[in-house]
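In what follows, a structure is listed as C-alpha cells, so that the remarks can point back to it.
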Amino acid sequence: MAEMWLNMGPQHPMTHGLWNLRVKVDGETITEAEPVIGYLHRGWEKLTENRKFAQIIPMADRLCYGASMSWSHLYCLTMENLLEVEVPERAKYIRTIVLEAQRIGSHLMWLAALGTDLGSYTVFLYPVRERELFLDLMQNLCGARMTYNYPRIGGVRNDVPANFERDFTRVLNHFEKRLPDYEALCDQSTVFRMRMEDIGYLSAEQAKNLGVTGPNLRGSGVDYDVRRDDPYEVYDQVDWKVCVEKTCDAYARYRVKMDEMRESCNIIRQCIKKMPKGAIRVKAPRTAPRGKTAWAHVEDPRGEGFMYVIGNGDDQPYRLKVRSPIFVTVSAAPAMLVGYKVADVPAIMGSVDMCLGETDR
Amino acid sequence: MSEVRKMQQRIGLAPGGKTGDVLAQEIIQRFPQGVTVTKATLNRFYAQVDKGMLLKLANFMKEHQDFEHVTSVGGVDWLAEKKMQVVYHITSYANKVTAELVVDLPRDKPEVDSITPLWGGANWHERETWDMFGIVFIGHPKLERLLNPDGTEVFPFRKDFVSGRRV
C-alpha cells in the first residue's frame, strides 16, 4: 500500500495546545513522524530584553500556565545566581512547599488530560476536582489561581497566610486518601492498560541521547533528578526518594508521575514541620554588570527547566535563554512513535505531558 | 571532613564519579591549546573553546567523561564586539557535573560544527539557534526554520533587529 502523510493537528483533540504532528503511515502503522511547532511563538526571550528584572517575573508565569510557579521560580533562581543574592532559609522552605504543590497540580492536570485522551471521563473529573483544592491553597497564599507572580528575586512576595499549615495538612490528608482511587480507576481498567502498556518504547540510551528529561526520563529507567543530584532550595534537607520505572513504555511514564505526586506530599509535610521563622526576602541589587553570566536548572513538573542570563550593565538582561523540557521531549517524539499504530498516538503523546506555552516561548 | 567529600555526600555522588575540577584538569591535559578552563568547582566547570576544537572536545567529553545529556545550546549576539557566541551546557548523569562551553564566532560569518551527530538532544536547540540568530551549524541534519514560519527572511534575535518592526 502507498504510504501517506497524515496531519494530526494543529486542531486535533490529541494535541493539548497548538502544534502539529505529521505522521507518515503505511496502512495504520507509523513509519515516520515529524512534530511541527511554532504556532504559539511570541518571542519571549526577545521581549525580556526590553523589560526590567522585576517585570520579567509575571512574564515567566506565562511560560506555562499549568506550572507557572516553577517557571517564575526558575527565573528568580537564575537572577539570584547572577546578582549573588542568598535567600533566607524560611523563603527557601516556602518555595519548596509551593513548588511541590505546583507539581501535584500540574500532574493532576496531566492525568485529567490523559483521561479524556483515553476516553475515560471519570479520570478527567476526579483529578480536576482535587486540583481545585491545590489552586485554593495557592489562592489563599498569593491571590491568584494560575499565574501567581509569587517568587521574588531574593525571596518570596509575602509570608504565608494564617492557618497555612492546617489548610495544607487537611488538603494533603484528603488528597492522599483520593490518590488510590485514581490509581484504581486507571490500573484496574483493562482498556487503560491495553492502551498504555508496551507502547511508546523509549530505551534508556535513546532517552539520554535525545535529551528527554524529567518523569519521561525516569520512566525509561534512568535514575536522575535535578532536585537530588544538583539540589536547590531545601531538597537536600528533606528525606524523599526519586521515582524510577524500568519498563520504558507509556505506562511507565504514567506510573512515575503518579508516584511523584505521593513523594511531593511527603516533601510538603516535612517542609511544613521543619519551616523556621525569620525573614522571607532580602533586598537584591537592581543592576547587573555587563557581560556577567549565570544559569540555573530545576526539575520542572515536565523535566529539566533551564535559564541562562547575561547582564547588560543596567537593570535589563542582555540575553535570557530558556530551555524548555517539552521542547526537547517533543523533538524525540519520532523515536517513541515509529512502529506503532495511529490509534496509539494519543496515548503515547498523552503520557509525555505536552505544554505548548513553554515549548514555543 | 573535606569540602569535596561533604559535597559528594550531599549530592550522593557515585563512588566512581569524578568532580568538576578533576574533569577540567583532564581536559586541560588532553587539550593544551584551544580550550581555556575559566572556572571549575565541584559540580560545574566553565570553558572557552576555539571554534575548531569544539567537535574534538565534545567527542572527548562524550567518550571518556560520560557527558550524556545536552541541557542547552543557545546563541548570543554581541553587536558592539562584532562577534557571536554559542553557549553549550552539557551534563553528565554519571558524574553529576554540568559544563558550560562558550565558542566565539565572527559576526559576519557565524559557522560552527554541529554536535547533533553526538547528542540527538542538541538537534532542535541548534535548529532554533539558526532560526533566531542565523548561526550555521555545519553537519546538522535539518537546518530549517523551526519556530518562525517558513520563508522568514530575518533573524529576529539579532540585536540589530528592532522589535516591533514589520518584516
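Summing Lys, Arg as +1 and Asp, Glu as -1, what charge do residues with Cβ under 10 Å from the Cβ of A:Val244 carry, A:Val244 excluded? Show your work: numbers first, answer last.
Working: positive: A:Arg218, A:Lys241, A:Lys246, A:Arg255; negative: A:Asp223, A:Asp225, A:Glu245, A:Asp259.
Combined, the nearby Lys, Arg, Asp and Glu give 0.
Hey, can you list the DSSP H helices of chain A whose Cα span along the axis is 15 Å or longer and whose average Kyte-Doolittle score is at least -1.0? Walk me through the numbers before you get to the answer.
On the way: long enough: A:68-83 (23 Å, 0.37); A:89-117 (42 Å, 0.08); A:121-142 (31 Å, 0.27); A:164-187 (34 Å, -0.85); A:250-274 (36 Å, -0.82).
Taking the DSSP H segments of chain A (at least 15 Å long, mean hydropathy at least -1.0), we get A:68-83, A:89-117, A:121-142, A:164-187, A:250-274.
Looking at region A:278-325, which residues lose a minimum of 20 Å² of accessible area between their chain alone and all protein chains in place, measuring with a 1.4 Å probe and not counting ligands or nucleic acids?
The answer is A:Arg290, A:Trp295, A:Glu304, A:Phe306, A:Tyr308, A:Ile310, A:Tyr318, A:Arg319, A:Lys321, A:Arg323 - residues whose exposure falls by at least 20 Å² when every protein chain is included.
Between A:Glu183 and A:Gln11, what is 0.36 nm times their sequence separation minus the Cα-Cα distance? Round to one decimal in nm.
Numbers: separation 172, 0.36 × 172 = 61.92 nm, distance 3.02 nm.
Once the chain is fully extended between A:Glu183 and A:Gln11, it gains 58.9 nm.
Would you mind telling me the share, in percent, of accessible area of region A:208-298 contributed by carbon and sulfur at probe 1.4 angstrom?
Working: 1740 of 3420 Å².
Its accessible area is 51 percent carbon and sulfur atoms.
For n ≥ 4 DSSP H runs only, could you compute -39500 (n - 2.57) per run for the protein assembly as shown, divide by its residues and tell me the 222 nm figure to the nearest 500?
Numbers: 19 runs with 214 residues, N = 528.
My calculation for the protein assembly as shown gives -12500 deg cm²/dmol from helical runs alone.
Among the aspartates and glutamates, which fall within straight-line cross-link reach of A:Lys274, defined as a Cα-Cα distance under 14 Å, with same-chain neighbours fewer than 8 residues apart omitted?
Candidates past the 8-residue exclusion: A:Glu89, A:Glu165, A:Glu233, A:Asp236, A:Asp239.
Roughly how much accessible area, to the nearest 100 Å², goes out of reach of solvent when B and A pair up, both sides summed, probe 1.4 Å?
Numbers: alone 9340 and 14580 Å², together 20270 Å².
The B and A chains share an interface burying roughly 3600 Å².
Ordered by residue, what ³J(HN,Hα) values in Hz, to whole numbers, does region A:154-161 give under the Karplus form 6.51 cos²θ - 1.76 cosθ + 1.60, where θ = phi - 60° and Gly and Pro are x?
Result, ordered by residue: x, x, 10, 5, 9, 6, 6, x Hz.
Can you tell me how much longer the chain between A:Tyr65 and A:Arg157 gets when fully stretched, taken as 0.36 nm per residue apart minus their C-alpha distance, in nm with one decimal? Present the calculation step by step, with values, prior to reporting the outcome.
Numbers: separation 92, 0.36 × 92 = 33.12 nm, distance 1.93 nm.
This chain segment gains 31.2 nm when fully extended.
Around B:Ala40, with a cut-off of 13 angstrom between Cβ atoms, what is the net charge of the other residues, counting Lys and Arg +1 and Asp and Glu -1? Please list the in-between numbers first.
Numbers: positive: B:Lys18, B:Lys39, B:Arg44; negative: B:Asp21, B:Glu26, B:Glu100.
Every neighbour counted, the sum reads 0.
Just to check I understand the Karplus step: with θ = phi - 60° and J = 6.51 cos²θ - 1.76 cosθ + 1.60, what whole-Hz values come out for region B:18-28, glycine and proline as x?
Once θ is set to phi - 60°, the couplings for region B:18-28 become 10, 8, x, 6, 5, 4, 5, 4, 4, 5, 4 Hz.
Just the accessible area per residue of chain A, please: how many Å² with a 1.4 Å probe?
Values: 12770 Å² over 361 residues.
Here the per-residue accessible area is 35 Å².
Once the cut-off is 38 Å, how many percent of the Cα-Cα pairs in the protein assembly as shown end up in the long-distance tail? Provide the component values of the computation, followed by the final result.
Numbers: 34711 of 139128 pairs.
For the protein assembly as shown, the fraction of Cα-Cα distances above 38 Å is 25 percent.
At 0.36 nm per residue, minus the direct Cα-Cα distance, what do B:Glu153 and B:Asp108 gain on full extension? Give it in nm, one decimal, please. Display every interim value, and only then the final one.
Numbers: separation 45, 0.36 × 45 = 16.20 nm, distance 1.66 nm.
Net length gain for the segment: 14.5 nm.
Taking amide H atoms as placed 1.01 Å from N in the peptide plane, list the residues 5 or more away in sequence, or in a different chain, whose amide H sits under 5 Å from that of A:Leu63.
The list, which skips near neighbours in sequence, is empty: none.
Arrange the residues A:Lys177, A:Lys257 by how much accessible surface each exposes, largest first, with a 1.4 angstrom probe.
Values: A:Lys177 155, A:Lys257 0 Å².
These residues rank, largest area first, as A:Lys177, A:Lys257.
Could you work out the mean projected area of the convex hull around the alpha carbons of chain B, in square nanometres to one decimal?
Values: hull surface 45.1 nm².
The orientation-averaged projected area of the Cα hull of chain B comes to 11.3 nm².
Got a number for carbon plus sulfur as a percent of region B:97-167's accessible area, 1.4 Å probe?
On the way: 1530 of 3010 Å².
Reported share for carbon and sulfur atoms: 51 percent.
Using only Cα atoms, locate the centre of region A:1-42 and the centre of region B:104-162, then give the distance between them in Å, rounded to an integer.
With region A:1-42 and region B:104-162 each reduced to a Cα centre, they are spaced 24 Å.
Per residue in region A:217-239, which ones lose no less than 30 Å² of accessible surface when going from chain alone to all protein chains (1.4 Å probe)?
Flagged in region A:217-239: A:Tyr224, A:Asp229, A:Asp230, A:Pro231, A:Asp236.
When only alpha-carbon atoms are used, what values of Rg and Dmax, in angstrom, describe region A:238-361?
Calculated on Cα positions, Rg and Dmax stand at 19.6, 57 Å.
Sequence-distant or interchain residues sharing an amide H contact under 5 Å with B:Thr71, placed H: which?
For B:Thr71, the qualifying residues are B:His89, B:Ile90, B:Thr91.
Hey, any idea what % of region A:1-91's accessible area is carbon plus sulfur with a 1.4 Å probe?
Details: 1920 of 3730 Å².
Ligands and nucleic acids excluded, carbon and sulfur give 51 percent.
For the pair A:Val128 and A:Leu47, what calculated FRET efficiency results from E = 1/(1 + (r/R0)^6), where r is the Cβ-Cβ distance and R0 = 35 Å, to the nearest 0.05?
Details: r = 31 Å, r/R0 = 0.90.
The pair A:Leu47/A:Val128 has a calculated efficiency of 0.65.
With axes computed from alpha carbons, what is the tilt in degrees of helix B:54-64 against the longest principal axis of chain B, rounded to the nearest 10 within 0 to 90?
Tilt relative to chain B: about 30 degrees.
Enumerate lysine pairs in region B:30-156 that are 8 or more residues apart or on different chains, then count those whose Cα atoms are under 18 Å apart. Don't jump to the answer; show the numbers that get you there.
Details: B:Lys39/B:Lys96; B:Lys51/B:Lys62; B:Lys51/B:Lys82; B:Lys51/B:Lys83; B:Lys51/B:Lys109; B:Lys62/B:Lys96; B:Lys82/B:Lys109; B:Lys83/B:Lys109.
Summing the qualifying lysine pairs gives 8.
At q = 0.15, 0.24 Å⁻¹, what is the base-10 log of I(q)/I(0) for region A:45-146 according to the Debye formula with one equal point scatterer per Cα and no solvent? Please give it to two decimals.
Per q value, in the given order, log10 I(q)/I(0) is -0.71, -1.26.
Which of the trypsin sites (Lys or Arg not before Pro) found in region B:28-100 are loop residues per DSSP with 14 or fewer other Cβ atoms within 10 Å of their Cβ?
Numbers: sites: B:Arg30, B:Lys39, B:Arg44, B:Lys51, B:Lys56, B:Lys62, B:Lys82, B:Lys83, B:Lys96; in loops: B:Lys82, B:Lys96.
Sites meeting the loop and neighbour criteria: B:Lys82.
May I ask you to rank A:Ser324, A:Ser120 by accessible area, largest first, using a 1.4 Å probe over the protein chains only? Walk me through the intermediate numbers first.
Numbers: A:Ser324 0, A:Ser120 40 Å².
I get A:Ser120, A:Ser324, largest accessible area first.
The values are calculated or read from the model by the stated rules, or taken from the named source; none is laboratory data. Computed from a prediction, not measured in an experiment: that's the story for all the values here. All Cβ positions, even for glycine, are placed from backbone atoms using ideal geometry, and neighbour counts span all protein chains on display. Areas reflect the complete protein model, heavy atoms only, side chains present, ligands, DNA and RNA absent. Shrake-Rupley method; radii C 1.70, N 1.55, O 1.52, S 1.80 Å.
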